[in-house]
Protein chains: 2
Amino acid sequence: MLDDAQLREYHDAGFLVVPDVLTPRDLAGLRDEVERLYRADHPGRVLEKDGTTIRGVHGCHQVSEVFSRLVRLPALLMPAEQLLASKVYVHQSKVNAKRALAGDVWPWHQDYIFWEREDGMPAPLVTNVALLLDDATPYNGPLLFLPGSHHMGTLPTERRGAAGGEESWKSNLAADLDYALTAGQLASMVARFGMRAATGSAGSMVLFDPRLVHGSGTNMSPYDRQLLIITYNSVDNVPDEPSRRPEFLSASDTTPLAPLVGGLWS
Amino acid sequence: MLDDAQLREYHDAGFLVVPDVLTPRDLAGLRDEVERLYRADHPGRVLEKDGTTIRGVHGCHQVSEVFSRLVRLPALLMPAEQLLASKVYVHQSKVNAKRALAGDVWPWHQDYIFWEREDGMPAPLVTNVALLLDDATPYNGPLLFLPGSHHMGTLPTERRGAAGGEESWKSNLAADLDYALTAGQLASMVARFGMRAATGSAGSMVLFDPRLVHGSGTNMSPYDRQLLIITYNSVDNVPDEPSRRPEFLSASDTTPLAPLVGGLWS
């Protein structure tokens, strides 16, 4: 559970970094499992623009036994329940691979606008629990935040592509996002909020608000910067209708999660 | 002139940052002049992959009166003469625009290999004098160095594209370089040398060795990160034959530079 100072930091800044959440053994095992998912044939698997480098894998908890246990790990699940003051389920899970020298940009955006407009999620009663699978440094494309920007709520953002196309969700897994923020919006927000990189050691947890403005740059280092993100939604915040997006982007199983008893590998 | 500690730092690390070299007035004037060059019709003007954003301008001292005076400014010229222990001329001058939210990567590379193999420069008796036209921060794609990597000399690097084509130099102004280093080379070098970002205030000067391994990432900030680079070559190191590359990449005027008397704007 998070203490009062941590809760205050999450609510004030919109994010919180908690070091040493994963044991070295769990970290090593998860990295192996992620490599297996990169190679597996799965519609949630996405490549970079070069057509060969893995960019990420979506819907991990739906295709991996290990991930289906991980999302129930008390160290992740309890803080999510605490922040949302309710039972939760997983709306999305993914790994951003951000490969050495090849991992591309995620433009500045807010998450909730995608979940609201594309998936019909009623309210931002949802949180991201991210795990650093590698050290995140200033050089390997760390998550970048505008601290406090979640207080602005959902920003007016025009959808860039034509809405409603059969596979219009695809661009939202690539480096061009439909709801990316404009340079004008960012200039005034950065002047007001500043920028912060969520750097830290592998095994750290980063919790962040679904309205927090974030992005990440290219990975200029020869080391991968893999980030695993679990999006927990409140069971009081289930979309009324099924999403038009694939299951691996908007999970239909909204059963409240029960804490895992035993370890990840049992 | 550089003092002994500065000279030692340049020789040990391969680079040296000197703050407050440009006055606020000169800085503002240079930024205006650069904006003018971005808009002017000139073969050394290069766009980003998007086909609209300015990426940079090459051969500035050949087309701008202000730049032709700037390269003779004692604050830049004297350190270059000191480092190369001779009179010097300008082999190249350029501005990397690295525009807000749009400025793309420069892959990891060494400069001298281009000048040796493409321009026939006999030896690395050459130095880069860069001026920060904007603050360089961890977020706007600062110059990244592997400190000390110049001690390895010119690294064995295969030319990527077919050599000798009519306009084969063009790729070397874009985000794909012919002599970019491989992931394998970089992994061992970063383990040995580490990485450093040349961050600093607008108006600072960054001197760096032509064999120093460097690159830069995307600009994720809403602020430009413009960098002006003057490459001074020793008059004892003039290529024997004219380069096959355009004048704006390999200047044919090798007349030793005389220090400027008076200011940039007189």
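The values are calculated or read from the model by the stated rules, or taken from the named source; none is laboratory data. Keep in mind the model is a prediction, meaning the values are calculated, not measured. All Cβ positions, even for glycine, are placed from backbone atoms using ideal geometry, and neighbour counts span all protein chains on display. Surface accessibility is based on the protein's heavy atoms, side chains included, excluding ligands, DNA and RNA. Shrake-Rupley method; radii C 1.70, N 1.55, O 1.52, S 1.80 Å.
Plainly put, the tip 7 Å out from Cα toward Cβ on A:ARG192 is 5.0 nm from that tip on each other copy, the closest given first.
Under the simplified labelling scheme, the B:SER266-A:ALA28 pair shows an inter-label distance of 7.0 nm, with each label point 7 Å from Cα along Cα→Cβ. Chain B packed on chain A takes about 1700 Å² of accessible surface away from a 1.4 Å probe, both sides summed. Within the accessible area of the protein assembly as shown, the carbon and sulfur atoms contribute 52%, probe 1.4 Å, all protein chains present. Each residue of the stretch A:16-30 was assigned a 3J(HN,Hα) from its phi angle through the Karplus curve 6.51 cos²θ - 1.76 cosθ + 1.60 (θ = phi - 60°); the sequence is 8, 9, 10, x, 6, 8, 9, 6, x, 5, 5, 4, 4, x, 5 Hz, with glycine and proline shown as x.
Ordering A:22-35, B:50-63 by mean Cβ neighbour count within 10 Å, with the highest value first, yields B:50-63, A:22-35. Pairs of Lys residues in the protein assembly as shown, spaced 8 or more positions apart or belonging to different chains, with C-alpha separations under 15 angstrom: 7 in total.
Computed across the stretch A:4-234, the Kirkwood hydrodynamic radius from all distinct Cα-Cα pairs reaches 17.8 Å. Using a 7 Å projection from Cα along Cα-to-Cβ, the label point at B:TRP265 is separated from the same position in the remaining copies by 6.8 nm, smallest value first.
The length gained on full extension between A:GLU35 and A:ARG8, counted as 0.36 nm times the residue separation minus their Cα-Cα distance, comes to 6.1 nm. Rounded, prolate or oblate: which fits the stretch A:185-243, taking a ≥ b ≥ c as square roots of the Cα gyration tensor eigenvalues, rounded meaning a/c under 1.5, else prolate when a/b beats b/c? Since a/c reaches 1.5 but b/c is at least a/b, the shape of the stretch A:185-243 is classed as oblate. What average number of partner chain Cβ atoms lie no more than 10 Å from the Cβ of the residues making up A:218-227? Mean shielding by partner chains, rounded to a whole number: 5. Plainly put, the tip 7 Å out from Cα toward Cβ on A:PRO156 is 6.1 nm from that tip on each other copy, the closest given first. Over chain B, Cα pairs under 8 Å with separation of 6+ residues give a relative contact order of 35 percent. Shape class for the protein assembly as shown: prolate, because the ratio a/c of the largest to smallest gyration tensor axis (alpha-carbon atoms, square roots of eigenvalues) is 1.5 or more and a/b beats b/c.
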